[in-house]
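The structure appears right after this line, and notes come after that.
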Amino acid sequence: MQKKLQFILISILITSSYLGKSQISQDLRNLAWSNNDKYVIYGHTIQPIFGDVSWTNKTGNPPKTNIAYKSLFQLVNDLKLQANTDKWDSVKLNNEIAKLNKTAKGGRIYVYIDRTTSDLANLRYFFSIVREQDKTFKEKEIEITTIYFKQNEPYIVSGDRFASEISYDINKDVPDSFYVYINDKQTEAMSDYKFKVVTMSKIQKYVSYYENKQIKCEGTIKQDYPIGKWVKYYPNGKVNIIENYTDGKLNGKATEYNENGDLVLEKEFSNGLRNGIWKQYYHKIMIDGRYKNDKKDSIWNFYDTIGNLTATGSYINDLKNGNWTFYINGHKESEGNYTDDLETGEWKIFDNSENVIAQGMLNKGKEVPNSWSYFIGKEKIANPDTNVLFVVDTMPKYRGGDKEYMMFVKNNTNFPPSAIEKKLSGKVFISFIVEPNGTLSNITLLKGLSPEVDAEILRIFSIMPRWIPGIQNGRLVRVKLNMPISIGG
C-alpha cells in the first residue's frame with residue numbers, strides 16, 4: 001500500500017503504557033497513606049482499605065502507594081484536547097480514539113510508589129490486580145485484569161526517597177465500584193495495598209475550564225458518554241459550539257460561532273453521522289447543502305464572500321453527479337455534466353455576457369478529440385488561436401482558487417515507500433499549458449527531486465480537473481504556466 005508524503009511537516013506522537021511524571025497529579029504524590037481515609041481525584045472517590053500499617057511505630061517517612069482512576073470518557077476528552085493542541089487531523093484523532101476504546105474500555109489506573117531505596121521502588125517488584133465484587137457471593141471477588149510491571153529507573157523524590165509512576169489501561173468494563181490491589185513481590189515485610197474505587201455518578205454535570213477560569217466546555221455525562229446539550233466556549237467567554245448528543249453520539253442540530261459571536265456553521269446529525277442541512281457562513285452564507293449518512297447528497301450551492309453564487313450542482317454519495325454550473329463575479333462561466341466526480345458529456349464555456357464562447361465533449365475530464373467548437377459573439381470560428389501565451393488579460397486559474405488547488409495536490413499524492421523512507425524535501429517545478437477549454441496539456445517536468453517524486457507529480461497533473469481558461473482580447477487562448485510544488489518540510 002502506498003503512503004502519503006505530506007506537504008506540511010506533521011509531528012508524530014508515540015504513546016506508551018508508561019507515562020511521565022507530568023501525567024500524574026501532584027495531589028497523588030502528596031497524599032499520605034491512611035486506612036479508610038477517602039480522597040477524590042479526577043472526580044472519582046478512592047478509599048484505601050489496607051496497606052503497610054506496620055510502619056506506625058517506626059521513625060522516618062513510611063512507604064507510600066497511591067492510585068488514581070480516569071474513565072474512558074475522560075481519556076477521550078484528554079485526547080481531544082491534545083489533538084487540538086498538537087493540530088491532529090480528524091483521521092489521526094479517530095484512530096487514537098479507536099485504540100482507546102479497545103485498550104481502555106474500563107478506564108485507566110495511575111499508580112504512585114514511594115520507597116526508601118531505588119531498589120525497593122523499582123516497578124519490577126510490583127504487580128496490580130483489578131477485581132469486582134461477586135454479585136452472588138458478596139464475600140467473594142472476581143478478577144477483571146492483572147498487570148505485571150516492568151523494570152524501571154526510579155527517580156529521586158528527596159535525598160532519601162525514591163519513587164516510580166506508572167499507568168495501565170483496563171480493557172474490560174468495570175462496575176460503579178471496584179477494587180485495585182498493588183502487590184509487592186520482593187519482600188514479605190511489606191503487605192499488599194488494597195483500594196476501593198467508586199466512580200463518579202453515571203449521570204452528572206461536566207465542566208472544564210481554561211487557565212483564566214473561563215468555562216471551556218459544559219454538558220451532561222451518562223455512563224461516560226455525553227448526552228443532551230453541550231456547549232464549548234472561547235477563552236473570552238463567547239460560545240464556540242453548541243451540540244446535542246444521544247448516548248455519546250451527535251444527534252440533531254449543531255451550530256458553530258466565531259470569537260465575535262457570528263454564526264459560521266449550521267449542521268445536523270443522526271446517530272453520530274452528518275444527516276441533514278450543512279450551511280457555512282462568512283458574514284453571508286458560503287455553502288448550502290445536505291448530507292445523507294455522512295456523505296454529500298442533493299443540490300449544493302457555493303457562494304463568494306459578497307454573496308454571489310460561484311457553483312451549484314448535485315452530489316450523489318459524496319460525488320458530483322448530474323448538471324453543474326459555475327459562476328465568476330455573478331455571471332455564468334461554464335456548465336456541464338459530471339459522472340462520479342469527473343466531467344463527462346457536453347460542456348459549455350461563457351463570456352462575461354454569458355454568450356457561449358466554447359462548447360464540446362469531455363470524457364472523464366479529458367477532451368474528446370475534434371469535438372470542441374469556439375465562437376466570437378455568435379460566429380463560430382474554425383480553430384482557436386494555437387499560439388501559446390504567457391501573460392494574458394485574464395490568467396487561467398484552478399477552479400476554487402489556490403486553496404482548492406493545494407488541497408487537490410495534497411489529497412491525491414501517493415508516494416511509494418522508497419520516497420517516504422528517503423525523507424526527501426525540496427521543490428519540483430512543472431510546466432503545462434491550459435488549453436482554451438480548460439484542459440491541461442504538454443505537462444513537463446522543469447526541475448525534479450527524485451525519479452519517484454517526479455513521476456508522482458506528473459501523474460497528479462495528468463488527472464487534475466479542468467481549469468478556468470485564460471482570455472485575451474475576449475477570446476479563449478492557450479496559456480503556459482510554470483508551477484512550483486513544495487515537498488516535505
If you take the residues of the stretch 208-237 that are basic (Lys, Arg) and modelled with pLDDT of 95 or more, which of them is farthest from SER177 (Cα to Cα)? LYS232
Can you run down the residue pairs with Cβ atoms below 7 Å, 6 or more apart or on separate chains, where the first is in the stretch 470-489 and in the same structural domain as THR439 (by TED's automatic domain parsing) and crowded, with 19+ Cβ neighbours inside 10 Å and the partner is aromatic (Phe, Trp, Tyr) and assigned to a strand (DSSP E or B)? LEU476/TYR374
Within the stretch 262-275, track down each residue that is crowded, with 17+ Cβ neighbours inside 10 Å and either of a type in the set (Gly, Ala, Ser) or touching a Pro at 6+ places or on another chain (Cβ under 8 Å) (or both). SER270
Flagged in the stretch 144-162 as within 36 Å of the chain's Cα centre (by Cα) and in a strand (DSSP E or B), in numbering order, are ILE144, THR145, THR146, ILE147, TYR148, TYR155
Take the conditions at pLDDT below 90 and over 26 Å from the mean Cα position of the chain (by Cα) and apply them to GLY426. Does it pass? yes
Hey, does the stretch 76-90 have a residue that's in contact with a strand residue (DSSP E or B) (Cβ under 9 Å, 6 or more places away or on another chain) and in a loop (DSSP other than H, G, I, E, B)? no
Take the residues in the stretch 349-368 that are in contact with a Lys or Arg (Cβ under 8 Å, 6 or more places away or on another chain) and not in a strand (DSSP E or B); name whichever of them is surrounded by the most Cβ atoms within 10 Å (Cβ to Cβ). GLY365
By residue number, the members of the stretch 337-348 that are in contact with a Gly (Cβ under 6 Å, 6 or more places away or on another chain) and crowded, with 19+ Cβ neighbours inside 10 Å are GLU343, TRP347
Look through the stretch 374-404, keep the residues that are of a type in the set (Gly, Ala, Ser) and more than 46 Å from the chain's Cα centre (by Cα), and return whichever of them is nearest to PHE461 (Cα to Cα). ALA382
Given the criteria touching a residue at least 24 places away in the same chain (Cβ under 8 Å) and either in contact with a helix residue (DSSP H, G or I) (Cβ under 6 Å, 6 or more places away or on another chain) or crowded, with 16+ Cβ neighbours inside 10 Å (or both), does VAL434 qualify? yes
Can you name every one of the strands (runs of 3 or more DSSP E) wholly within the stretch 373-489 that holds 2 or more residues which are within 21 Å of GLU354 (Cβ to Cβ)? 373-376, 379-381, 470-472, 475-487
Look at PHE390 and say whether it is farther than 30 Å from GLU452 by Cβ, at pLDDT below 90 and aromatic (Phe, Trp, Tyr). no
Residues of the stretch 369-411 classified as under 19 Å from SER431 (Cα atoms), of a type in the set (S, T, N, Q) and surrounded by 14 or more Cβ atoms within 10 Å (Cβ to Cβ), total: 1
For the stretch 441-464, give me each residue that is in contact with a Lys or Arg (Cβ under 8 Å, 6 or more places away or on another chain) and surrounded by 19 or more Cβ atoms within 10 Å (Cβ to Cβ). LEU449
Quick one: in the stretch 297-323, which of the residues that are of a type in the set (S, T, N, Q) and part of a strand (DSSP E or B) is surrounded by the fewest Cβ atoms within 10 Å (Cβ to Cβ)? SER298
On the basis of being part of a loop (DSSP other than H, G, I, E, B) and either buried (at least 18 other Cβ atoms within 10 Å of the Cβ) or over 19 Å from the mean Cα position of the chain (by Cα) (or both), does GLU259 make the cut? yes
Suppose we filter ASP173, ASP169 for residues that are under 31 Å from the mean Cα position of the chain (by Cα), modelled with pLDDT of 85 or more, part of a loop (DSSP other than H, G, I, E, B) and surrounded by 11 or more Cβ atoms within 10 Å (Cβ to Cβ); which single one remains? ASP173
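The values are calculated or read from the model by the stated rules, or taken from the named source; none is laboratory data. Because the structure is predicted, anything quoted here is derived from the model rather than measured. Glycine gets a Cβ as well: all are built from the backbone with ideal geometry, and neighbour counts include every protein chain shown.
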